[in-house]
Amino acid sequence: MDDFKLQEEMPRSALLPTSSGHLPHPPFTSPHIPVRQLHLLTRNALLRPARLTLRDHSSSGATGRPLHIRHTSLHAPPRQSLPSMFDGLSEAQLRAATSSADHPLLIVAGPGAGKTRSITARVQHLLATGVPPARILAITFTCAAAGEMSRRLAAAAGPGAEAICVTTFHSLALLLCRQHGAAAGYADGFVVRTHKQQRKLVERLCAQRRSAAAAAGRPAPAEPAAAALLAAILRAKAQGVGAEACAPPLGEVYSAYGAAMAADGGVDLVDFVRIAAEALERSAAARAAVHARHTHVLVDELQDSSGAQLRFLRLLVPDPPCAQRITAVGDDDQSIYGFQGAGGGLTHFEAAFPHCRRVLLEENYRSTGTLVDAAAALVGHNASRLPKRMRTANAAGARVVVVECRDASCELSHVLRRVRRLVDGGVRRAEIALLVRTARTGGALQRALAAGGVPFNTHAAGHLDAKPVRDLLALLKLLLAPHDDIFFCRVVKAVARTRAKELLLVLENLRDSMDQSGFYPPSAAKLPLHEVARRLRAGWAGGDGAAPDTPQVSPADRKFVCRLVDDLETLTRRLGSLQLSGFLRRCIDLLHNKSLFHSPQSTRHGSRYLNVVPHRRTLLSLLMEDVNAFERDYARSQTVLTTPRPPASPAPPSLVPTSHAVRTPLAPLSPQNESLPQITEISDEALLAFDIDEAIATHYDEQRAEACEAAPPRRVAARGRGGCCGQDATTAVGATLDAAEARIRERNAGRLRAFLDYAEQARCERKAASSEVDADAITLCTIHSSKGLEWSHVFIVHMNEGECPPRGAQGAALEEERRIAFVAVTRAKESLVITHVARESSGEPAVASRFIAEIPPSLIERHIEYS
Ligand SMILES: Nc1ncnc2c1ncn2[C@@H]1O[C@H](COP(=O)(O)OP(=O)(O)OP(=O)(O)O)[C@@H](O)[C@H]1O
């Protein structure tokens, strides 16, 4: 074979297809190369960032000879010669994937138009053009979407994709808050309040307002329910609207809510993004670090971003004249989180990045022609939307089946019959989905499916919502925030069970009396209950002054308090020595309901905690799946979101077991110890495998001897302690181990905090991890949870006025409801069945959803089912 060689230093962009899909004229030299080899060569150039020389191994053995490429053969731009990562992409998708990275790019696409595919191809394109994976930041809205994107990238781009930071808005903002929150006035140790805690706070504030009104002789203020007030506050926050801009009573409660959260050191999910944005706005150093770390940003599902998220996003990218390398993809017709303050993401993006280029993807690859037409007609009734024309080259397929059922029970049996018919006809259960607008209908369906023995998965399930898990999370939070009474009370309830209420009352009374007793140092602020317990325990043990006079504490309670305080201290110590999964198991051992972690997840019908039937996994195994998923993301986020470390130094003689890797040095030792081998910072992998208690117990003497051997004899002699195991050396090694333990504990605390943040976000998403999905089961989920997914056969159940849309929806709210219905319709690939009832369970006549009437009658096949 002739020798061929690529021109060295040729820009790889020269190998990329132009916007028309043609390969550009290449700056190659020399004669002949077969098209197949050219294809390979081009693909290699795209996939390998390094300079490329192709060698002929056919004749010359291992080293091979450099190959030269025939110039003319590259002129031919046949589609089949395009690199495989672009194979099958449409012209528009190709344009989206390969458009210049130096400009902001907005990909606007309809459902099933291949957004996910295009954004994955764009990442591949960036990698192929030499962008290091660690410089790429991909942001999604949910943990589940982030997991899906990671999987797709790994499948498409191989191991290199591991280093890409795929994260969610919340996770990224949280991490930046923890790292740079001080710039916005927030300490690292802030506590993330759960939704329930937020609601309770609003309830308390409302109660205070009522009491204040009663005390002043005024009538009680007329206020919406606490849940509605909280939703309004969170929505306003997400939209960047302050309390001062809201009318009473919302503005007043909002302002009191903010003050109470700040006093408490708590934040809610909306706060992260705001705090992170404020930190980036105020700290040029933080901004510079983020810009240097991530040169290319990609955002999926942009339509779901709120004003606060857009502001945050804008700060992740440098100002012009620097290149603004950001790509966002979204569909305004699928914006269904307006109730959380999202909306207008696409137009806001174009305003934030004025030089943004736009690519439109209109072809639907998912659904039949009939379904595409039905969906387009439905959403066409919305006034506020970007102009878009959905089309498909797919076959017309069957008409949409609309079934009017007598009532809810008739509807459920009808749906079940149709599902069975599909399965009996050979359809895989995994290809069927039942979509509902509300969890109430979902609960009824769940009961029907369970009673009918039909296996199903539900994306509304949440093992993180199970009580034992919430108890465990409270315990973990208490370890990180021992001053927090909310967590302490929950832990006491989880550990002491029936005695908890009385015991907490005793502790609260003791706290009140502490200042007067003289036994305890007076303090202006209330002592945290955990601190009260700790002081009691120390006093009873005779360690902290005289034993307190506490006749009101029964011997059993006293024993309980001592044990609890000791256990919490032990766990805090163990935090410095155990990997996360092991640590969680130790914590579970403390809870009275620990046996529940080892039994299969139970079913709770009819509530938002819908469940999977049959399900053999235990709560513990589900939790450990979360831990594993978290560990994968965390390890990656730590390497890609923090400042690069200096190169690893060779490991010195180790003071820890040799299996535990060691890296860069810790803070210098004190002068008298300086010649001892230094304990070094322990790597993440070592942290995972390292139990310092065990290490100290098992290896201390051995390590001490090693350390002393390593110390220069001059030093030991100078100390005059007569040998390598002298006091100085022992103290030095002990101090060094202490320092290492403290450092590991600090890092593990950071990891635990990040895990709690992760768990809270996953819980809020109310989405089961995809690993929970049973492959041979149909899917039952809310329409919101179905976003981004697709099935061959979809049922939308209970499409009635009052359900979809809910009662009273009008204007923007009605348009959002229509988009929700649109999302549901566009999940189907082949068939869609919509059911509604003629009579409510109360006996009242029911009305079919107006959205059904907005689908052209020619696309509908109607049935009536009253049997
Ligand atoms: N160029 C293409 N040729 C054939 N099939 C395609 C193409 N692009 C995408 N698809 C298929 O179309 C379906 C929808 O793709 P994808 O999930 O990426 O769309 P999407 O725009 O993210 O959809 P949605 O927003 O509705 O969730 C998938 O089954 C995908 O494999």
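About its Cα centre, what dipole magnitude does region 234-384 give when the only charges are +1 on Lys and Arg Cβ and -1 on Asp and Glu Cβ, stated in debye to the nearest 20?
Its charge dipole is roughly 540 debye.
Residue 380: net charge of surrounding residues, Cβ under 11 Å, Lys/Arg +1, Asp/Glu -1, itself excluded?
Computed value for this residue: +1.
Can you return the lysines within cross-link range of residue 787? Criterion is Cα-Cα under 20 Å, with same-chain partners fewer than 8 residues away left out.
Filter leaves 115, 388, 767, 829.
Can you work out the Karplus-derived ³J(HN,Hα) for every residue in region 842-854? Use 6.51 cos²θ - 1.76 cosθ + 1.60 with θ = phi - 60°, whole Hz, and x for glycine or proline.
For region 842-854, the Karplus-derived couplings read 6, x, 5, x, 10, 10, 5, 4, 5, 5, 5, 5, 7 Hz, x marking Gly and Pro.
Report the gain in length on full extension from residue 618 to residue 813: 0.36 nm times residue separation, minus Cα-Cα distance, nm rounded to one decimal.
Full-extension gain reported as 66.2 nm.
So, R0 is 35 Å and r is the distance between the beta-carbons of residue 386 and residue 282; what FRET efficiency does that work out to, to 0.05?
Using R0 = 35 Å, I get an efficiency of 0.55.
Please say if region 222-372 is rounded, prolate or oblate, where rounded means a/c under 1.5 for a ≥ b ≥ c the square roots of the C-alpha gyration tensor eigenvalues, and otherwise the choice is prolate for a/b larger than b/c and oblate otherwise?
oblate
Cut-off is 10 Å between beta-carbons; in what order do 102, 557, 271 appear when sorted fewest neighbours first?
So the ranking, lowest neighbour count to highest, is 102, 557, 271.
Using θ = phi - 60° and the Karplus relation 6.51 cos²θ - 1.76 cosθ + 1.60, list the HN-Hα couplings for region 229-242 in order, rounded to whole Hz, with x at every Gly or Pro.
So the Karplus estimates, Gly and Pro as x, are 5, 4, 4, 5, 5, 5, 5, 4, 4, 5, 8, x, 9, x Hz.
Check which residues have an amide H placed less than 5 Å from residue 593's amide H, if you skip close sequence neighbours.
Here nothing satisfies the definition.
Going by average Cβ density within 10 Å per residue, which order do the peptides 421-431, 404-414, 307-317 take, highest to lowest?
The peptides rank, most packed first, as 307-317, 404-414, 421-431.
Return the FRET efficiency for the residue pair residue 505, residue 252: r is the Cβ-Cβ distance, R0 is 30 Å, and the value is rounded to the nearest 0.05.
For R0 = 30 Å, the calculated efficiency reads 0.40.
How large is ³J(HN,Hα), in whole Hz, for each residue of region 146-151 in order, when computed from phi with the Karplus curve 6.51 cos²θ - 1.76 cosθ + 1.60 and θ = phi - 60°, using x for Gly and Pro?
Those phi angles translate into 5, x, 5, 5, 4, 5 Hz.
For residue 358, what residues show an amide H to amide H distance below 5 Å, using hydrogens built from the backbone and excluding near sequence neighbours?
Excluding prolines and chain starts, which carry no amide H, the hits are 106.
Using 7 Å Cα-to-Cβ label points, what is the residue 526/residue 572 separation (nm, one decimal)?
According to this spin-label approximation, the distance is 2.1 nm.
Identify all lysines with a Cα-Cα distance to residue 200 below 20 Å; exclude those on the same chain that are fewer than 8 residues away in sequence.
Result set, ordered by chain and number: 237, 467, 477, 493, 501.
Every number here is computed from the coordinates shown, using simple stated rules; none is lab data. Quick caveat, the model's predicted, so the values are computed rather than measured. Note that each Cβ is placed from the backbone with ideal geometry, even for glycine, and that neighbours are counted across all protein chains shown.
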